[in-house]
Amino acid sequence: MLSHAPFKEALASVVALGVALACSAPLAQGVTLPPLVVTASRSALPLTELLADVTVIGTEEIARAGAGGLVALLQQQPGVEIVANGGPGSTSGVFLRGANTGQTLVLVDGLRVGSSTSGTAALEAIPLDQIERIEILRGPASSLYGADAIGGVIQIFTRNAADGFAANGQAAYGTYRTAIASAGFSGASGPWRYALEAGRRQSDGFNAIANPANFSFDPDRDGYRDDHAGGSIGYRLAPEQELSARFLRSRLNAQFDAGDTFDDRTVTVVEVYQIESRNRLTPFWTSRLQAGWVTDDSDSKTGFGPSRFRTRQRLYDWQSNIALPLGTVAAAVERREERVDSDAGFAINERNTNALTGVYQVRVGAHSAQASLRRDDSSQFGARTTGSMAYGYFFDNGVRVTSSYGTAFKPPTFNDLYFPGFSNRDLKPESAHNADIAIRYAHAEMSGGVVAYRNKVRDLIVFQCDASFNCAPQNVSDATLKGATFDFAARIGDLAAKASLDLQNPRDDATGRLLPRRARRHGSASLGYLFGPLRVTAELTAASERFDDAANTRRMGGYALLNMVAECPVAPRWTLFARLDNAFDKHYELAADFNTAGASVLAGVHGKLDRVGTKDRQPRAARHGALVCRGGGRSGHRGHRPRRLAAGGGASAARG
């Protein structure tokens, strides 16, 4: 049995830090406003007033992410580990607070995305060029959003319209013949608002599988090409009365290894379409009515023949926010219609879920509380009720102490229930019960905190084979996910720093062993400084040893990676940038037998034109045409059956 010491020590750290900060003197107040967060309560609240454990990734951090894509960016955030079957473009997933890859809900502009057959979202097919910001909610959130949110929620917000006309563009080239290009514009004219963005990312890549003894080994390069477009349009009927529509489409053509006789590849298409009406009905009542259509289409071509898995979702949601004499209520009615199509021949290919959600929030002096309750009624697995409660106390000096308890669930996938010869129709949904306590400090120039959590997950679905090699998923396992997350961020003059550390123990209750591909310790740090106009940032990502199998016999060593980023404005609205990833060419594994990128460089230029007709806000030195650093001061394949990531186990090659 693994020691409980890390959790107990983390809990003690929370208490000690809370006493120290609560007794400290308040600092002078700054003027920087905290970002508004929607995901934690289904309503917009400042980050510093939240009772939940949330990280916001802003535009600047997204722009510096480079060729690694969305998954690599998420790896640098608190509470997040990743797995990938090769380089960018390959099947990937995230472990949020130690939960399985299929136990984190992914939303795009409020709509859930993902495959109903594999149970995971194609993160590798969501391009960074389309993203304006990301909110990561750690901890069970089924009482807010329904199924799958055992580890938490990752919500992606696509680019939105600017108040005035704005345009952007970028072009970059680097190692593995990686090329990136994108351009877009947005603006407003009278009651109309609009935005459009399009681009391409492609790379020759590197050999996905490193081990020649692996059955799927093929000594070739496994590259990818992603073409994407997204946009929105809105019309303001009157103040606080607006109709809008938006879309996102990404087509990823990625090669992978499944033997040396065929050029194996998967074409993944992710589509999100949405129409929405936002209205203030009375001074105390606002309404949001939306309908969405989401596609996850995976079409694989291999030496064993083609395979196709397609998920279609129709999503309807009406939410009302009502201000009460004491507190506010958010109430939502939802319907989700799932349809799957596959050449595997499922006996049942659809299910519908109706849901009711209620969220109550109240702040009285230094006391704050939030409670949520949700009822999901599925045509496939019946009804499930989940709930959560959170309480926080806010000190005058920027310190807040919070605690919460919540439940969550994840239903079996269509693969689990109906895949011919490898399924089990008697499976039950997985369930989770989580408790956590946190202490946080927030100030204009500095923030930080620690949260300790314990998440008990029951009826885990595990793929097993008996002595006669009859294989099927079973509800045979329970797991306990416990640990602590420490994070810190500061900006002092021209210096910006942030760091996070996770100490965790995600284990199988029956064996006491670590869950596959999860580390006991992982973390990240970044340090940026302005040398005149030149901004240089160093990033560090590290993890301790992990095991690729449930028996903990196939060890993957720990690693530490150093990345470097340099940015330099060369014209009023243009910036040159260069990024060096894995600077020391470290060899490491995220999945056994699979390669990861060595030392690699990406360099290019990006530009931005804001609000034509307004005063140029660039420093005077940047308004001349010489191509030198200007300015100064502060700157603010997813072949579904041969590759399985959903349970975080095995060395297979793709999601289904």
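Quick notes
- Residue ID - surrounded by the most Cβ atoms within 10 Å (Cβ to Cβ), chosen from residues in the range 518-537 that are assigned to a strand (DSSP E or B) and of a type in the set (D, E, K, R): R535
- Applying the criterion of at least 2 residues that are in contact with an Asp or Glu (Cβ under 9 Å, 6 or more places away or on another chain) and modelled with pLDDT of 50 or more to the helices (runs of 4 or more DSSP H) found wholly in the range 1-86 leaves 59-63, 69-75.
- The residue list A438, A479 contains one member that is modelled with pLDDT of 95 or more and more than 15 Å from L51 (Cα to Cα), which is A479.
- Residue identified as more than 30 Å from R221 (Cα to Cα) and either at pLDDT below 80 or among the small types (G, A, S) (or both) among A622, A597: A622
- For the range 413-447, the set of residues classified as surrounded by 19 or more Cβ atoms within 10 Å (Cβ to Cβ) and charged (D, E, K, R) consists of D416, E430, D436, R440, listed by residue number.
- Candidates A646, A654, A591 - the one that is in contact with a Pro (Cβ under 9 Å, 6 or more places away or on another chain), among the small types (G, A, S) and either in a loop (DSSP other than H, G, I, E, B) or modelled with pLDDT under 50 (or both): A654
- Scanning the range 387-412 for residues that are among the charged types (D, E, K, R) and crowded, with 19+ Cβ neighbours inside 10 Å yields R400, K410.
- Residue tally, condition surrounded by fewer than 19 Cβ atoms within 10 Å (Cβ to Cβ) and part of a strand (DSSP E or B), over the range 538-555: 4
- Checked against (1) aliphatic (A, V, I, L, M); (2) crowded, with 16+ Cβ neighbours inside 10 Å; (3) part of a strand (DSSP E or B), A560 passes all but condition (2).
- The set of residues in the range 191-213 that are surrounded by 15 or more Cβ atoms within 10 Å (Cβ to Cβ) and more than 30 Å from G259 (Cα to Cα) comprises R193, Y194, A195, L196, E197, A198, G199.
- Filtered by the rule that a residue be among the acidic types (D, E) and under 22 Å from the mean Cα position of the chain (by Cα), the range 430-466 gives E430, D436.
- So A198, is it assigned to a strand (DSSP E or B) and out of contact with any Pro (no Cβ under 6 Å at 6 or more places or on another chain): yes
- Taking the listed residues L105, L137, L144, L123, the one that is in contact with a Gly (Cβ under 6 Å, 6 or more places away or on another chain) and crowded, with 24+ Cβ neighbours inside 10 Å is L137, with no other qualifying.
- Leading residue by the ranking (surrounded by the most Cβ atoms within 10 Å (Cβ to Cβ)) among those in the range 38-62 that are of a type in the set (G, A, S) and over 20 Å from F486 (Cβ atoms): S41
- Qualifying positions in the range 500-517 - in a loop (DSSP other than H, G, I, E, B) and either modelled with pLDDT under 95 or surrounded by fewer than 24 Cβ atoms within 10 Å (Cβ to Cβ) (or both): N505, D509, A510, T511, G512, R513
- Matching residues, the range 239-293, being among the charged types (D, E, K, R), surrounded by 18 or more Cβ atoms within 10 Å (Cβ to Cβ) and not in a strand (DSSP E or B): D257, D264
- All positions within the range 318-358 that are modelled with pLDDT of 95 or more, crowded, with 18+ Cβ neighbours inside 10 Å and small (G, A, S): A330, A332, A355
- In the range 302-317, the residues that are buried (at least 16 other Cβ atoms within 10 Å of the Cβ) and closer than 25 Å to E350 by Cα: S307, R308, F309, R310, T311, R312, Q313, L315, D317
- Within the range 241-278, considering residues that are among the aliphatic types (A, V, I, L, M) and over 19 Å from A122 (Cα atoms), the one modelled with the lowest pLDDT: A258
- Options A188, A171, A183: the member that is surrounded by fewer than 19 Cβ atoms within 10 Å (Cβ to Cβ), at pLDDT below 95, outside any loop (DSSP other than H, G, I, E, B) and over 15 Å from the mean Cα position of the chain (by Cα): A188
The values are calculated or read from the model by the stated rules, or taken from the named source; none is laboratory data. A quick note: this is a predicted structure, and the numbers were derived from the prediction, not measured. A quick note on method: Cβ atoms are made from the backbone with ideal geometry, for glycine too, and the neighbour counts reach across all protein chains shown.
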